[in-house]
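S.K.: First the structure, then my questions, so here it is.
Any read-out appearing in this document is the output of simple, stated calculations on the displayed coordinates, not a laboratory observation. Bear in mind the structure is a predicted one, so any value in this text is a computation, not a measurement. Here the Cβ is made from the backbone with ideal geometry for all residues, glycine too, and neighbour counts use every protein chain on show.
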Amino acid sequence: MPDHFCVTRQTAEEFMKLFVNRLAYGIQREKPLADGTVPYIKQTRPLEMGVVRMHLNGDLTINLYAINPMGIEAGRSRRGSRTVAPRRPSLDLR
């Protein structure tokens, strides 16, 4: 990992609060495959702050999984209708 980050640790922490539901992620390959696709490679280690900072700096591209497998039913009422999730604070990019 690089020694210098343009994105602050605080900004990366806020990003993680807003967008990271699971620590599972993938990193996009640097070079396309022969068919022109550029797939993501699932990582075996949990997502770390340094990886998020590299992503926000534009040094690499990651994908995040939006659904928390432990909480799929947490957003549903007894009758199966969706409930509204509490609003998360906005990310200040200043």
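S.K.: Here's a check for you: in the stretch 5-36, which residue that is more than 13 Å from the chain's Cα centre (by Cα), over 16 Å from Leu60 (Cα atoms) and β-branched (Val, Ile, Thr) is surrounded by the most Cβ atoms within 10 Å (Cβ to Cβ)?
M.R.: Once the filter is applied, the top-ranked residue is Thr11.
S.K.: Looking only at the stretch 37-60, which residues are surrounded by 13 or more Cβ atoms within 10 Å (Cβ to Cβ) and among the small types (Gly, Ala, Ser)?
M.R.: Gly50
S.K.: Next question. Could you grab me the full set of residues in the stretch 10-63 that are out of contact with any strand residue (DSSP E or B) (no Cβ under 9 Å at 6 or more places or on another chain) and of a type in the set (S, T, N, Q)?
M.R.: Gln10, Thr11, Thr37, Thr44, Asn57
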